[in-house]
Amino acid sequence: MSAAAPGAHPHLLANYGRVPITVVRGEGCWLIDDRGERYLDLVAGLAVCALGHAHPQIAEAIAAQARRLVHCSNLYHHEPAGELASELARRSGFARVFFCNSGTEANEAAIKLARKRAFRRGEPARTTILACTGSFHGRTFGALAATDNPRYHEGFGPLPGGFAFVAFNDVDALERALDESVAALIVEPVQGESGVHPATHEFLAAARRLCDERGALLVFDEIQCGMGRLGTTFAFETVGVRPDVVTMAKALANGLPIGAVLVDARCADALQPGDHGSTFGGSPVPCAAALAHLRLRDEWDVDGNVRSVGAMLRDGLAALAADYPTLLGEPRGVGMMLGVPARSVEDATRIADAARERRLLINVAGGGTLRFLPPLVLTEEEAREGLSRLRSAVEAVAS
């Protein structure tokens, strides 16, 4: 066994490329390491900590629920899950909600729902799950089969069958690919892992029309781009196209594991008792955290902050790219889900490393893209500070 990297734990499976810092505490948009160094966090736990780290009201909701009931399984009803389902239904207009523990699990449930719906409708041959090139839907076998990235597939074959891909944002290709064998089209309104690529309105509108015409479900994977990241609670509100199913996770409980599938009334009876389940799905504590998150959104204009500070951040990234055109490309994205392509993966990694040396945390996504997923409560002052530290990092790499 090779020697562990500085700060690494020798008994953790080495399947993550962790950077050499050990985080011990979080405060709002800041993370503090074991040496007391403070880092401005523009990653937010990979789009998870929407309201920042260690939010006191969410922490109190977690503690209060843990004192009452931590777990009782889905053999019984309990109020946190029921109340959260009602809140999500009220806010989204969807009829039913299924809870699980992660985004990957939410996508697995959506895949099963789509196929079971076709089966119950007397269409057992309608089994294909159509996904897009550049997609990322998770790492379990079904979600992985819907993920268009050979690097994630390598060494795990054979993957499950019944999956196909269509060129992202290509309406003509979608016309050809979405036939009567397709149970569902799953698409990210903004692709995150491949480098922050928004879907066009034309593509999503065509997807809605074709799914209606040809009997397929339209599934929006809002796991990374939802829960306010684009400037509206749900990404479908920003893009102006309503799907049949929404999968969500990440930011919903502001740090606790939870996933959810929102299902339209016309397909809500597809999964019936015994068809699918989750031991921990919708447990009381993460549901209480999610409810606290939603209540806080009602008390403060999170969406307005995303739109205003996100625009400021994008303008700053555009100015930086204009000053270093041989190193950086034009920023992409919406709200506080932004990406800046670097000249190469190596350059992006060097910039991220240099930023970390300046106590700024950013992330490298597909294609050598610098990805920015800050807490949605990022202030203008913090955005300016982040841009200043980033500029210093880019200057160091460019010199």
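The values are calculated or read from the model by the stated rules, or taken from the named source; none is laboratory data. Nothing here was measured: the structure is a model prediction, and the numbers come from that model. Note: ideal-geometry Cβ built from the backbone for every residue, glycine included; neighbour counts use all protein chains shown.
Just checking, does region 177-199 include any residue being over 23 Å from the mean Cα position of the chain (by Cα) and either in a helix (DSSP H, G or I) or under 25 Å from residue 306 (Cβ atoms) (or both)?
Yes, there is a match, as at least one residue in region 177-199 is over 23 Å from the mean Cα position of the chain (by Cα) and either in a helix (DSSP H, G or I) or under 25 Å from residue 306 (Cβ atoms) (or both).
Could you list, in sequence order, all residues of region 26-48 that are in a loop (DSSP other than H, G, I, E, B) and under 12 Å from residue 361 (Cβ atoms)?
Within region 26-48, 29, 37, 42, 43 qualify.
Only one of these is within 29 Å of residue 219 (Cα to Cα) and touching a strand residue (DSSP E or B) at 6+ places or on another chain (Cβ under 9 Å): 75, 40, 88, 31. Name it.
Checking each option against the conditions leaves just 88.
Scan region 167-187 for residues that are closer than 23 Å to residue 119 by Cβ and either without any contact (Cβ under 8 Å) to a residue 60 or more places away in the chain or not assigned by TED's automatic domain parsing to the domain that holds residue 106 (or both) and jot them down.
Hits for region 167-187 are 177, 178, 179, 180, 181, 182, 185, 187.
Which numbered condition in (1) over 23 Å from residue 224 (Cβ atoms); (2) surrounded by 13 or more Cβ atoms within 10 Å (Cβ to Cβ) is the only one that residue 35 fails?
The failed condition is (2).
May I ask you to list pairs of residues, at least six apart or on different chains, whose Cβ atoms are under 9 Å apart, with the first in region 226-248 being without any contact (Cβ under 8 Å) to a residue 12 or more places away in the chain and the second being surrounded by fewer than 24 Cβ atoms within 10 Å (Cβ to Cβ) and assigned to a loop (DSSP other than H, G, I, E, B)?
Every condition considered, the pairs that remain are 237/231.
Tell me whether region 300-310 contains one or more residues that are surrounded by 19 or more Cβ atoms within 10 Å (Cβ to Cβ) and in a strand (DSSP E or B).
no
Return the total of residues in region 342-391 being polar (S, T, N, Q), in a helix (DSSP H, G or I) and touching a residue at least 40 places away in the same chain (Cβ under 8 Å).
The total comes to 0.
Would you tally the residues in region 58-78 being touching a residue at least 24 places away in the same chain (Cβ under 8 Å) and surrounded by 14 or more Cβ atoms within 10 Å (Cβ to Cβ)?
Here the count works out to 7.
Regarding residue 177, is this residue small (Gly, Ala, Ser), within 21 Å of residue 372 (Cβ to Cβ) and surrounded by fewer than 23 Cβ atoms within 10 Å (Cβ to Cβ)?
So residue 177 does not fit the description; no.
Counting just the residues of region 311-341 that are within 16 Å of residue 387 (Cβ to Cβ) and in a strand (DSSP E or B), which one comes out farthest from the chain's Cα centre (by Cα)?
So, considering only residues that are within 16 Å of residue 387 (Cβ to Cβ) and in a strand (DSSP E or B), the one farthest from the chain's Cα centre (by Cα) is 328.
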